[in-house]
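Take a look at the structure below.
Derivation of every value follows stated rules applied to the coordinates shown; laboratory data play no part. The structure displayed is predicted, hence computed values, not measured ones. A quick note on method: Cβ atoms are made from the backbone with ideal geometry, for glycine too, and the neighbour counts reach across all protein chains shown.
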Amino acid sequence: MRRPNPLFFLAVVFLANTVSAQQKKTVPAADQKINTFINSLMSKMTVDEKIGQLNLPAVGFDVTGPVLSEGVDEKIEKGLVGGVFNTFTPQAVEKLQKLVMTKSRLKIPLLFGYDVIHGHKTIFPIPLGLSTSWDLDLIEKSARIAAREASADGLNWTFSPMVDIARDPRWGRIAEGSGEDPYLGSLIGVAMVKGYQTSSLSNKDAILACIKHFALYGAAEAGRDYNTTDMSLIKMYNEYLPPYKAAVDAGAASVMASFNDINGTPATANRWLLTDLLRSNWGFKGFVVSDYTGINELVPHGLGDLKTVSAKALAAGTDMDMVGEGFLTTLKQSLQDKKITMQMIDLACRRMLEAKYKLGLFADPYKYVNEERAKTEILSQQNRFDAKNIAEASMVLLKNDNQVLPLQKKAKIALIGPLADDKRNMIGNWSAAGDWKKAIGVMEGLKNAAPDLDITYAKGANLVDDAAILKQLNANGADIAADEKSADKLISEAVSAANKSDIAVVVLGESALMGGEATSRTNLDLLPNQKALLKAVNATGKPVVLVLMNSRPLTLEWEDANVTAILETWFGGTEAGNAIADILVGNYNPAGKLTSTFPRSVGQIPIYYNHKNTGRPYDGISNEKYKSRYIDSSNDPLYPFGYGLSYTSFQYSAPQLNKTAVKAGQPIQVSVDVQNTGKYDGQEVVQLYIQDIYGSITRPVKELKGFQKIFLKKGESKHVTFTIDEQMLKFFNADLKFAAEPGDFNLFIGSNSRDVKAASFSFGR
Ligand code: BGC
């Protein structure tokens with residue numbers, strides 16, 4: 001096999017340098033203006049003040065770790081702080097910005113960063129849930145609303161979007177991204193950057209986006225958070241890097257270096273990653289911030305003491321140090337010791353100042369301090385209304401036997417489960433500024449959506465009974481109380497509620513804090529106490545609708561085989577309960593589609609739809625031994641990527657091609673007729689996959705290349721057309737050259753990655 005050529009990178013760097021040398025000759029007027037301003041400012045700055053711009057302490061409450069930054073006020077006065085995070089509200093922001101403007105020598109305004117991940121105060125579904133809407137307009141809208149609220153609350157920088165491809169649901173942070181597909185993940189990343197930054201950062205409600213976690217954080221070994229990644233360049237380029245690159249191309253102003261080791265060099269100190277690839281190859285012009293104490297963590301990674309690793313991080317291309325103050329405390333000495341150069345400090349400082357300039361902070365340091373906006377724009381009725389629509393779009397119907405859903409609006413139902421009448425968990429993990437007390441739970445939602453439902457409620461089980469898990473969660477703020485009733489008593493109450501009703505709706509899953517950072521799991525079943533409850537309710541013989549709330553794919557083989565219907569709702573945000581209720585009673589017909597494969601068991605992980613074939617692929621039917629298969633499980637997932645049902649049904653015609661050969665500059669068109677054959681109006685995500693049958697390197701069995709979300713009235717048909725061009729067929733080959741290769745291709749169109757209709761075409765012949 002041909003190996004990636006290291007000279008490729010040198011060539012790219014050389015080319016990029018040549019290009020930038022040429023560009024220097026024709027600097028656009030706007031850039032000239034920024035340069036003149038920043039040159040003049042920097043000529044007045046001391047080395048300490050320049051290093052100060054690279055310092056990002058946390059001020060205020062903190063959700064991710066110990067607050068290491070001390071004496072921040074004094075540092076601000078001395079010009080030793082470039083930005084702060086975890087501080088918001090117009091009053092708090094004004095206070096710190098005023099310190100700068102009244103006490104510091106050069107009055108360089110601060111950045112105010114925060115984890116606005118899926119909404120600021122109006123909380124949307126967790127990002128994995130947003131992605132299952134496959135609705136780029138709604139996703140952009142969620143980011144836009146988040147930015148409007150955050151900017152009204154004093155913030156000018158969010159640590160989002162998280163675009164890490166993740167194929168391992170053991171990793172709790174799969175919740176924060178868009179799942180396993182690089183194409184969909186790229187489009188979502190772009191939509192979010194647009195939503196946050198708008199057309200110009202100078203707009204009053206635009207905030208800086210931050211692409212994270214660069215890079216490959218989602219490929220942590222064994223799904224254990226912060227763990228090592230080791231990956232071939234071909235895999236990186238084709239499967240993991242595209243969403244970061246797309247978000248860079250969309251103009252994201254900042255990038256966060258990831259915690260993990262990448263092929264021997266942790267991202268924060270990885271010059272190939274942060275400089276050669278990100279800046280020279282991709283042309284990224286913004287600044288790179290470390291993750292939380294990411295520079296300090298290079299010490300246990302084994303790269304040296306704090307002074308050494310801080311110098312390495314700066315030299316690699318990390319511009320700003322989040323919380324750890326390695327830069328602040330050691331860079332000056334490293335400069336004197338000639339471990340780093342003044343140009344390195346200057347470059348990083350310039351990038352920070354440019355971001356502030358583009359936001360318009362030099363023109364108006366109080367641009368984001370506006371109490372009036374905070375009052376009218378945060379958690380407005382309109383924002384909540386949009387949040388409900390977005391939550392509805394995110395929910396995925398996994399099973400619906402006998403059309404048990406939607407419920408009759410006057411049905412007699414048993415509403416069971418520790419999440420059935422809960423508010424605290426609705427807003428999910430990483431809802432940093434969100435207030436769970438403002439959220440709507442399922443019980444309340446059902447009463448709003450169908451006041452005539454006859455509901456008997458029973459908690460049925462504690463959310464978490466396992467003492468060890470409980471201890472960890474509660475130590476980190478989960479606040480999960482144990483019911484005074486015994487487990488048996490809780491279950492027997494639930495069983496009698498079910499017996500009295502026509503149908504049982506059982507709301508189970510994870511606690512919100514079982515997802516997100518530092519929440520890796522080795523077992524993805526429902527927790528044993530919840531499963532015992534479900535089994536007991538199921539044994540009553542009543543139809544059981546399982547409503548799930550969870551941050552990741554779970555292993556649901558028993559549930560799929562035994563209960564009547566399953567609705568995956570993730571954590572739906574402030575309006576979760578209203579959205580779930582609207583779906584349960586049929587006010588909204590679900591249309592979400594999975595963006596991460598649901599495995600049958602943890603043993604199948606990593607499992608993802610766009611895998612390679614082997615030399616001995618298994619057909620899933622024969623009983624041959626020497627095939628790529630398990631002896632104790634099927635290879636197939638429980639629910640494939642792209643899967644999700646509707647209350648109605650859709651029928652697809654065979655794909656029709658207008659030509660069978662794509663040529664350079666001459667795309668072809670493929671169409672299908674999709675008909676709504678069921679009893680409800682509904683939406684369908686029509687998905688296009690392509691397989692490059694023979695390549696110079698091995699290629700995935702199929703890759704998503706297009707999709708359209710369409711609405712069909714019952715009985716209606718639509719002709720859906722996709723254009724296939726050369727660009728779609730390109731991939732990075734063994735020389736990391738991005739090109740399409742002549743040959744034959746299969747295409748598949750259908751309602752998920754498994755249930756498709758095929759056709760074929762050729763390229764370059
Ligand atoms: C997380 C980041 C987050 C940062 C700041 C870190 O622990 O990895 O995603 O943006 O904290 O809160």
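When Val93, Val507 are sorted by how many other C-beta atoms sit within 10 angstrom of their C-beta, beginning with the fewest, the order is Val93, Val507. Segment Glu726..Lys663, full-extension length gain: 22.0 nm, with 0.36 nm per residue of separation and the alpha-carbon distance subtracted. Between the Cα long axis of helix 381-394 and the first principal axis of the chain there is an angle of about 60°, rounded to the nearest 10. Applying the criteria of a DSSP loop state and at most 13 other Cβ atoms within 10 Å to the chymotrypsin sites (Phe, Trp or Tyr not before Pro) of region 653-749 yields Tyr694.
Between helix 487-499 and the chain there is an angle of about 50 degrees, using the helix long axis and the longest principal axis of the Cα atoms. For Val507, the amide hydrogen comes within under 5 Å of the amide hydrogens of Ile416, Gly417, Leu419, Ala420, Val547, counting only partners 5 or more places away or on other chains and with H modelled in the peptide plane. Can you pick out the pairs among Lys459/Lys535; Lys95/Lys194; Lys625/Lys757; Lys235/Lys627; Lys194/Lys438 whose Cα atoms lie more than 19 Å from each other? Violating the 19 Å limit, Cα to Cα: Lys95/Lys194; Lys625/Lys757; Lys235/Lys627; Lys194/Lys438. Computed over the alpha carbons of region 242-340, Rg followed by Dmax gives 13.0, 40 Å. Per-peptide packing, taken as the mean over residues of other Cβ atoms within 10 Å, places 151-164, 194-207 in the sequence 151-164, 194-207 from highest down.
Work out, step by step, the length gained on full extension between Ser202 and Thr102: first 0.36 nm times the residue separation, then minus their alpha carbon distance; give nm to one decimal.
Value of the extension gain: 33.6 nm.
Each of Met192, Met443, Met322 was scored by other Cβ atoms within 10 Å of its Cβ. Arranged with the fewest first, they read Met443, Met322, Met192. Couplings 3J(HN,Hα) of region 429-445, computed from phi: 7, 6, 10, 3, 8, x, 10, 4, 5, 7, 7, 9, x, 5, 4, 4, x Hz, in residue order, whole Hz [Karplus 6.51 cos²θ - 1.76 cosθ + 1.60, θ = phi - 60°; x for Gly and Pro]. For region 650-763, the C-alpha radius of gyration sits at 1.15 times the compact-globule guess of 2.2 N^0.38 Å, with N the residue count. Distance between the C-alpha centres of region 538-592 and region 613-662: 25 Å, rounded to the whole angstrom.
The alpha-carbon positions of region 605-665 define a convex hull whose volume is 221 Å³ per residue.
Take the chain and mark each of the GluC sites (Glu not before Pro) that is in a DSSP loop with at most 11 other Cβ atoms within 10 Å; the longest unmarked stretch, sites excluded, is 71-483. Would you work out if region 232-284 is rounded, prolate or oblate? Take a ≥ b ≥ c from the square roots of the eigenvalues of the alpha-carbon gyration tensor; rounded if a/c is under 1.5, else prolate when a/b is larger than b/c, oblate otherwise. Oblate, since a/c reaches 1.5 and b/c is not below a/b. Size descriptors for the chain (Cα atoms only): Rg and Dmax, in that order, 26.6, 80 Å. Among Thr318, Thr574, the ranking by other beta carbons within 10 Å of each residue's beta carbon, starting with the fewest, stands as Thr574, Thr318.
Legend: P(r) of region 306-374 from all alpha carbon pair distances, 5 Å bins from 0, whole percents, reading 3, 16, 22, 17, 13, 10, 9, 6, 3, 1, 0. Take every DSSP beta bridge whose two residues both sit in the chain; close to 55 percent of them are antiparallel. Panel values: region 126-274, Kirkwood radius from alpha carbon pairs, Stokes-Einstein at 25 °C and 0.890 mPa s, translational diffusion coefficient 161 µm²/s. When only Cα pairs below 8 angstrom with a gap of at least 6 residues are kept, the chain shows a relative contact order of 13 percent. For region 311-452, the C-alpha radius of gyration divided by 2.2 N^0.38 Å, with N the number of residues, is 1.78.
Annotation for region 224-278 versus region 187-204: alpha-carbon center distance of 21 Å. Put simply, the amide H of Leu111, placed in the peptide plane, has neighbours under 5 Å in Gly83, Val84, leaving out anything fewer than 5 places away on its chain. Taking every alpha-carbon pair under 8 Å whose residues sit at least 6 apart, region 369-465 reaches a relative contact order of 32 percent. Think of region 650-763 as having a plus end and a minus end, set by charges on the Cβ of Lys, Arg, Asp and Glu; of Phe650, Val701, Thr721, Phe650 sits farthest toward the positive end of this dipole. For Tyr457, nonlocal amide neighbours, meaning residues 5 or more places apart or on other chains whose placed amide H falls under 5 Å from its own, are Leu415.
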